[in-house]
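Asks: Got a structure for you, written out below as structure tokens; questions coming shortly.
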Amino acid sequence: MTTSDDRPTMIEFKDVHKYYGDYHALRGINGTIKAGEFFSLLGPSGCGKTTLLRTIAGFEDISSGVIMIDGKDMATVAANARPTNMVFQSYAIFPHMTVAENVGFGLRKDPRSKEEKAKAVAEALEMVGLKGYGNRAAHALSGGQRQRVALARALILKPKVLLLDEPLSALDKKMREHMQVELIKLQRQVGITFILVTHDQEEALVMSDRIAVMFEGEIAQLDDPETLYRRPANKKVANFIGTMNFIPAEILSETGDKVEIEAKGLGRVALDIAQAPVPTGEAPVVGLRPETLTLLYDDQKAAERETEGLIDEVIYLGDMTYYDVYLGGTDVEVRLSMRNVPGRPVLDVGAKVRVAWSPSALVLFR
Amino acid sequence: MKKAPFLRSYTLFYLLFLYAPILLLPIFAFNSGKVVAFPLQGFTLGWFSEMLADENLRIAAKNSLIIALSVASMSTVLGVFAARASVRYSFPGKAPIMGLIMLPLVLPEMIVAMALLVVLLSLNVPLSLFTVIIGQVLITTPFAVAILTSAFQSLDKSLEEAAMDLGETAWGTFRLIVLPLVMPGIMASFLICFTISFDEFIISNFLGSGQPILSVYIFGQFRFPAKVPSMLALGTVLVCFSIILLGFAEYMRRRGIAKAGGKDSGGFL
Amino acid sequence: MAATPRSEARAGLKLISPTAIYVILLLAVPLATVLVYSVMTGGRANVSLPLTFDNYAQLGTKWVYGYILLKSLLIALSVTAITVLLAYPVAYFVSFHIKPERKSLWLFLITIPFWTSYIIRVSLWFVIIGKDGLLDSSLMSLGIMDQPLNLASYGIPSIILVLAHAYAPFAVLPIFVSLEKVDRSLLEAGQDLGESRWITFLRVTLPLSMPGVIASSLIVFIPTVGDYVTPKLVGDGKQPLIANFIETQLLKLQDFPQGSAFAVVSMLMVAIVSIGFVFLNKRFIGGQK
């Protein structure tokens with residue numbers, strides 16, 4: 001992962017609010033997006049991520065607050081004058097035009113000569129892998145091709161920021177995975193800021209330098225993918241991104257940079273204060289990702305800690321197996337995932353097992 | 001498809017009932033007998049030449065054409081304003097305004113005509129082709145609004161946003177994106193308003209100045225048995241004319257759908 | 001494009017203003033004038049104060065007004081019932097027994113007569129069933145009859161026949177549209193559960209297509225109840241309906257207040273019947289949930 005901290009700021013939100021009548025769609029958005037960053041707005045539908053994207057593009061006014069793009073306040077700048085371009089969820093390809101007319105649409109007022117514009121269109125099409133498609137009718141294109149046309153049409157104007165509104169949601173799984181890689185390559189090639197709206201956490205993790213996770217009009221956490229995954233700021237983020245086991249715990253003591261807890265089924269654990277994000281006032285639980293738990297076979301020894309377990313359910317997936325395991329003779333059930341490798345048989349329901357885990361993989365929500 | 005011999009023959013019979021009077025048009029328009037009666041006499045084009053020689057008919061046809069073209073243009077323009085506003089924006093008073101615009105669809109036409117006539121008479125406005133036009137526009141505008149509303153509704157809003165996003169002004173977006181895509185709807189609206197106006201009787205009769213207008217003229221002529229055969233010739237011409245116009249409207253509609261890459265979902269009514 | 005509710009409202013109002021002003025001046029104002037006239041004191045071709053409800057009282061006392069209204073209502077309802085009943089099997093046939101790609105062609109065939117001149121279609125009926133008309137001359141020359149039938153003089157039945165023919169194509173389309181929306185798997189489910197075809201039709205298809213039937217009824221009822229041409233041509237012109245009667249009152253007798261009051265009551269009658277249809281429709285849609 002690249003660190004974006006040393007790059008200049010491209011977009012800045014200061015306490016942005018948006019109301020639709022009584023509905024409070026954006027509830028105090030703050031944060032910055034860096035130049036050249038691949039940034040994602042991630043959240044469930046209705047969380048305000050698309051609204052936020054549309055306020056950047058200028059399709060929606062904001063009720064209060066400030067949006068700065070490249071150092072300029074956008075309050076009085078209309079959509080058609082902003083240094084942003086958008087790839088729409090429906091791609092919004094103009095159906096009555098050819099591919100080349102679509103791509104060249106934004107060049108209408110460009111002072112360059114006809115030949116130069118045609119050359120720019122050809123280059124843009126080549127960049128998205130549609131060389132020679134210029135004369136095709138737009139409505140005859142496949143989904144993936146439409147998306148490429150939309151990309152070329154936006155990028156030909158050399159925007160400072162490219163906005164992508166769920167651009168991959170209409171594609172099938174194979175095509176989506178293929179386009180994810182292509183988009184990453186394209187972003188590196190052109191070097192401008194990409195802001196992607198998605199509800200697919202995997203897509204956001206794969207593609208982004210940084211991700212803002214949004215719930216109910218607020219940014220719940222803004223971090224790079226690894227931090228987001230390993231140190232989610234609260235249970236909601238933890239649940240939305242990947243799978244996490246939650247185990248009830250009791251806080252025994254908190255001294256300086258250490259927190260000592262008693263987790264049901266795991267016993268006493270001393271955690272670093274970095275493993276305990278800002279308290280939210282909930283009943284304390286510790287979170288554990290399935291892959292940080294390991295079943296111990298035969299005479300294997302745990303590197304750090306181990307706990308007794310009883311297998312309740314086995315879910316075989318081919319390359320790996322999920323086990324739901326009761327911990328330490330309690331009713332606390334956790335899911336753990338094991339790679340299936342030769343010489344390591346898949347265990348049966350009801351088997352008594354030993355589970356290895358590491359205190360440093362725990363996150364404390366309280 | 002399942003076979004349904006009874007339903008099929010019923011439907012064919014129904015169509016025959018619908019078409020029966022119209023089928024008489026060409027039969028007797030080319031029949032040389034002076035009276036509309038079987039058995040047929042001989043073939044003649046005489047009724048057509050009598051029709052063409054009729055000076056009053058020519059004036060009536062010209063007047064009707066002027067009225068229908070004006071009415072179709074006016075109601076389509078008014079329809080574009082209303083349909084665009086109702087699809088695109090929400091504003092106070094939208095429901096009552098749209099309700100008033102669509103009201104003539106559910107009012108007996110006679111009442112619309114009489115209400116307008118009473119006001120025109122009390123304001124001492126002389127009746128003319130112009131008063132027929134403004135009255136008919138009230139009747140045709142709801143049809144224009146209905147057709148154009150569905151045309152504007154099928155327009156993806158993100159297309160307009162995309163054009164704005166790519167630097168176009170509001171007017172540029174309307175001219176380059178919206179207008180070409182709703183053009184089939186505009187054409188269909190124009191053709192249908194034209195047809196309704198051309199055929200309209202009540203307003204033409206009561207708000208006209210006594211100048212001949214085709215529908216009123218035809219109505220009058222049918223009372224004279226001697227005039228009936230040439231009216232049947234005229235009817236034959238008008239039916240062919242309508243079918244051509246309708247075929248054209250249907251063609252435009254299909255082209256519009258094909259252009260937008262959509263699927264055909266039935267007739268344009 | 002960036003629109004707050006207020007600027008959006010302004011843009012919307014601005015855009016609709018030409019059409020809105022047109023209908024306010026040329027429709028709302030005249031209708032309001034009729035309403036005002038209906039409560040003024042009458043004279044020949046003029047109106048004066050004081051305001052009075054006498055005109056409405058007259059409508060109640062003189063039998064001819066009620067007779068015209070009731071007759072028009074009954075004729076229009078009969079025409080509506082006949083056209084809708086005759087149209088239903090046609091709509092059903094096109095929706096269920098015609099290949100999808102051929103449906104537009106059939107609908108086109110059904111709607112063409114509607115787009116040919118209404119005046120000519122009605123006048124043709126006059127030619128067919130009128131005095132010395134085609135029907136009588138044919139029947140007599142074939143020796144089936146020795147006296148002219150003169151169907152057109154049969155008054156109300158002949159008016160109903162002509163109107164039912166004139167508005168028939170109107171009725172097919174809405175029923176067709178609602179039949180198209182019927183989920184075909186529901187019918188298979190019905191038959192799968194052992195229902196006969198006829199029962200499936202009664203219990204599934206017919207209720208689901210009721211909104212279309214009601215829309216058809218409305219579409220036929222409104223122009224029929226206000227028809228002016230047919231009663232002039234057939235029925236020997238002796239069976240005036242609402243529109244003809246308004247003409248007599250307003251133009252021939254020039255009794256503006258009385259004619260206006262009659263127009264207002266006719267409008268109310270049409271509105272009440274139409275609202276009744278819409279209410280029925282709501283109940284059907286509500287019942288399906």
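Asks: If we keep just the residues of segment A:147-179 that are open to solvent by 40 Å² or more (accessible area, probe 1.4 Å) and closer than 21 Å to A:K117 by Cα, which is nearest to the chain's Cα centre (by Cα)? Explain how you work it out, then say what you get.
Replies: Just the residues of segment A:147-179 that are open to solvent by 40 Å² or more (accessible area, probe 1.4 Å), to begin with: A:157-158, A:160, A:169-170, A:172-178.
If we keep only those that are closer than 21 Å to A:K117 by Cα as well, we get A:157-158, A:160.
Working: A:L157: 27, A:K158: 25, A:K160: 21 Å.
Once the filter is applied, the top-ranked residue is A:K160.
Asks: Moving on to the next point. If a residue counts only when it is more than 10 Å from chain B (Cβ to nearest Cβ), which helices (runs of 4 or more DSSP H) contained entirely in segment C:192-273 have at least 3 such residues? Show your work before the answer.
Replies: Details: elements: C:197-200, C:206-225, C:229-233, C:242-247.
It comes to C:197-200, C:206-225.
Asks: Testing C:T83 on (1) within 14 Å of chain B (Cβ to nearest Cβ); (2) outside any helix (DSSP H, G or I); (3) not aromatic (F, W, Y), one condition comes back false. Which one is that?
Replies: Status for C:T83: all satisfied but (2).
Asks: Can I ask one more? Only one residue in B:S158, B:S209 is closer than 22 Å to B:V71 by Cα, surrounded by fewer than 22 Cβ atoms within 10 Å (Cβ to Cβ) and not β-branched (V, I, T), so which one is that?
Replies: Working: B:S158 fails: closer than 22 Å to B:V71 by Cα.
The unique qualifying residue is B:S209.
Asks: Quick check on A:V77: is it in a strand (DSSP E or B), more than 19 Å from A:A220 (Cα to Cα) and in the same structural domain as A:P159 (by TED's automatic domain parsing)?
Replies: no
Asks: Would you mind finding the one in B:I243, B:I218 that is under 28 Å from B:A151 (Cβ atoms), away from chain A (no Cβ under 14 Å) and modelled with pLDDT of 80 or more?
Replies: Numbers: B:I218 fails: under 28 Å from B:A151 (Cβ atoms).
The conditions single out B:I243.
Asks: With respect to C:S185, determine if the residue is part of a helix (DSSP H, G or I) and in contact (Cβ under 8 Å) with a residue 40 or more places away in the chain. Talk me through it step by step, then tell me what you get.
Replies: Numbers: part of a helix (DSSP H, G or I): yes; in contact (Cβ under 8 Å) with a residue 40 or more places away in the chain: no.
Spelling it out, it is not the case that C:S185 is part of a helix (DSSP H, G or I) and in contact (Cβ under 8 Å) with a residue 40 or more places away in the chain.
Asks: Here are B:I67, B:I111, B:I97: which of them is closer than 22 Å to C:P30 by Cα, touching a residue at least 40 places away in the same chain (Cβ under 8 Å) and crowded, with 19+ Cβ neighbours inside 10 Å? Walk me through it before giving the result.
Replies: Values: B:I111 fails: touching a residue at least 40 places away in the same chain (Cβ under 8 Å); B:I97 fails: touching a residue at least 40 places away in the same chain (Cβ under 8 Å).
So the residue among B:I67, B:I111, B:I97 that is closer than 22 Å to C:P30 by Cα, touching a residue at least 40 places away in the same chain (Cβ under 8 Å) and crowded, with 19+ Cβ neighbours inside 10 Å is B:I67.
Asks: Check whether at least one residue in segment B:178-189 is within 30 Å of B:L57 (Cα to Cα), touching a helix residue (DSSP H, G or I) at 6+ places or on another chain (Cβ under 6 Å) and buried (at least 22 other Cβ atoms within 10 Å of the Cβ), and report yes or no.
Replies: Start the filter on segment B:178-189 by keeping residues that are within 30 Å of B:L57 (Cα to Cα), which leaves B:187-189.
Restricting the remaining residues to those that are touching a helix residue (DSSP H, G or I) at 6+ places or on another chain (Cβ under 6 Å) gives B:187-189.
With buried (at least 22 other Cβ atoms within 10 Å of the Cβ) added as a condition, the list becomes B:188-189.
Yes.
Asks: Here's another thing I want to ask about it. Out of (1) within 12 Å of A:P290 (Cα to Cα); (2) of a type in the set (A, V, I, L, M); (3) open to solvent by 10 Å² or more (accessible area, probe 1.4 Å); (4) over 30 Å from the mean Cα position of the chain (by Cα), the odd one out for A:V355 is which?
Replies: (3)
Asks: Could you identify the single residue in A:A57, A:A92, A:A25, A:A35 that is touching a residue at least 60 places away in the same chain (Cβ under 8 Å), among the aliphatic types (A, V, I, L, M) and crowded, with 22+ Cβ neighbours inside 10 Å? Steps first, answer last, please.
Replies: On the way: A:A92 fails: touching a residue at least 60 places away in the same chain (Cβ under 8 Å); A:A25 fails: crowded, with 22+ Cβ neighbours inside 10 Å; A:A35 fails: crowded, with 22+ Cβ neighbours inside 10 Å.
Matching residue, one of A:A57, A:A92, A:A25, A:A35: A:A57.
Asks: Would you confirm, using the coordinates I've provided, whether B:L100 is at the interface with another protein chain (Cβ under 7 Å from one of its Cβ atoms), among the aliphatic types (A, V, I, L, M), over 20 Å from the mean Cα position of the chain (by Cα) and part of a helix (DSSP H, G or I)? I'd like the intermediate steps shown before the answer.
Replies: Numbers: at the interface with another protein chain (Cβ under 7 Å from one of its Cβ atoms): yes; among the aliphatic types (A, V, I, L, M): yes; over 20 Å from the mean Cα position of the chain (by Cα): yes; part of a helix (DSSP H, G or I): yes.
Against the criterion (at the interface with another protein chain (Cβ under 7 Å from one of its Cβ atoms), among the aliphatic types (A, V, I, L, M), over 20 Å from the mean Cα position of the chain (by Cα) and part of a helix (DSSP H, G or I)), B:L100 qualifies.
Asks: May I pose another question? Might you check whether a residue that is surrounded by 16 or more Cβ atoms within 10 Å (Cβ to Cβ) and within 7 Å of chain C (Cβ to nearest Cβ) occurs anywhere in segment B:24-32?
Replies: Checking segment B:24-32: at least one residue is surrounded by 16 or more Cβ atoms within 10 Å (Cβ to Cβ) and within 7 Å of chain C (Cβ to nearest Cβ).
Asks: Further question on the same structure: Any idea which of (1) more than 7 Å from every other protein chain (Cβ to nearest Cβ); (2) open to solvent by less than 40 Å² (accessible area, probe 1.4 Å); (3) free of Cβ contacts under 8 Å to residues at least 40 places away in the same chain is the one B:F91 doesn't satisfy?
Replies: Condition not satisfied by B:F91: (1).
Asks: Hey, can you tell me all the residues within segment B:167-177 that are open to solvent by 10 Å² or more (accessible area, probe 1.4 Å) and not in a helix (DSSP H, G or I)?
Replies: Restricting attention to segment B:167-177, the residues satisfying the condition of being open to solvent by 10 Å² or more (accessible area, probe 1.4 Å) are B:167, B:169-171, B:174-176.
Passing the criteria: B:G167, B:T169.
Asks: Being farther than 30 Å from A:N80 by Cα and either more than 21 Å from the chain's Cα centre (by Cα) or part of a loop (DSSP other than H, G, I, E, B) (or both) is the requirement here; does C:V94 meet it? Let's see the steps before the verdict.
Replies: On the way: farther than 30 Å from A:N80 by Cα: yes; either more than 21 Å from the chain's Cα centre (by Cα) or part of a loop (DSSP other than H, G, I, E, B) (or both): yes.
When the stated conditions are applied, C:V94 passes them.
Asks: Continuing with this model, one more query. Of all helices (runs of 4 or more DSSP H) completely enclosed by segment C:1-80, which ones contain at least 1 residues that are open to solvent by 50 Å² or more (accessible area, probe 1.4 Å), closer than 29 Å to B:G135 by Cα and facing chain B (nearest Cβ under 8 Å)?
Replies: On the way: elements: C:5-23, C:29-37, C:54-61.
It comes to C:5-23, C:29-37.
Asks: Then there's this: Only one of (1) assigned to a helix (DSSP H, G or I); (2) over 30 Å from C:T52 (Cβ atoms); (3) at pLDDT 80 or above is not met by C:F284, so which one is it?
Replies: (3)
Asks: Could you check segment C:121-135 and list, in sequence order, the residues that are assigned to a helix (DSSP H, G or I) and either open to solvent by less than 10 Å² (accessible area, probe 1.4 Å) or facing another protein chain (nearest Cβ under 8 Å) (or both)?
Replies: First, the residues of segment C:121-135 that are assigned to a helix (DSSP H, G or I): C:121-129, C:134-135.
Selection gives C:R121, C:V122, C:S123, C:L124, C:W125, C:F126, C:V127, C:I128, C:I129, C:L134.
Asks: Also: For segment B:33-57, give me each residue that is basic (K, R) and either open to solvent by less than 80 Å² (accessible area, probe 1.4 Å) or over 22 Å from C:V122 (Cα atoms) (or both). Spell out the reasoning first.
Replies: Of all residues in segment B:33-57, those basic (K, R) come to B:34.
Scanning segment B:33-57 gives no hits.
Asks: Right, B:S150: over 23 Å from B:P108 (Cβ atoms) and part of a helix (DSSP H, G or I) or not? Spell out the reasoning first.
Replies: Numbers: over 23 Å from B:P108 (Cβ atoms): yes; part of a helix (DSSP H, G or I): yes.
Criteria met by B:S150.
Asks: Same structure again: If you go through segment B:190-207 one residue at a time, do you hit one that is within 14 Å of chain A (Cβ to nearest Cβ) and part of a helix (DSSP H, G or I)?
Replies: Residues of segment B:190-207 that are within 14 Å of chain A (Cβ to nearest Cβ), as a first pass: none.
No: zero hits.
Asks: Can you tell me which of B:L127, B:L107, B:L69 is in a helix (DSSP H, G or I) and out of contact with any Asp or Glu (no Cβ under 7 Å at 6 or more places or on another chain)?
Replies: Working: B:L127 fails: in a helix (DSSP H, G or I); B:L107 fails: in a helix (DSSP H, G or I).
After applying the criteria, what remains is B:L69.
Asks: Go through segment B:121-138 and give me each residue that's farther than 18 Å from B:L65 by Cβ and either within 11 Å of another protein chain (Cβ to nearest Cβ) or out of contact with any helix residue (DSSP H, G or I) (no Cβ under 9 Å at 6 or more places or on another chain) (or both).
Replies: The initial filter retains those residues of segment B:121-138 that are farther than 18 Å from B:L65 by Cβ, namely B:121-127, B:138.
Hits for segment B:121-138 are B:L121, B:S122, B:L123, B:N124, B:L138.
Asks: Which residues, taken from segment C:94-120, are within 7 Å of chain B (Cβ to nearest Cβ) and under 21 Å from B:V237 (Cβ atoms)?
Replies: Matches in segment C:94-120: C:F108, C:L109, C:T111, C:I112, C:P113, C:W115, C:T116, C:S117, C:Y118, C:I119, C:I120.
The values are calculated or read from the model by the stated rules, or taken from the named source; none is laboratory data. This structure is a prediction, so every number in the text was calculated from the model and none was measured. Don't worry about glycine lacking a Cβ; one is built from the backbone with ideal geometry, like all the others, and counts go over all protein chains shown. When the accessible area is computed, the model is the full protein with side chains, heavy atoms only, and any ligands, DNA or RNA have been set aside. Shrake-Rupley method; radii C 1.70, N 1.55, O 1.52, S 1.80 Å.
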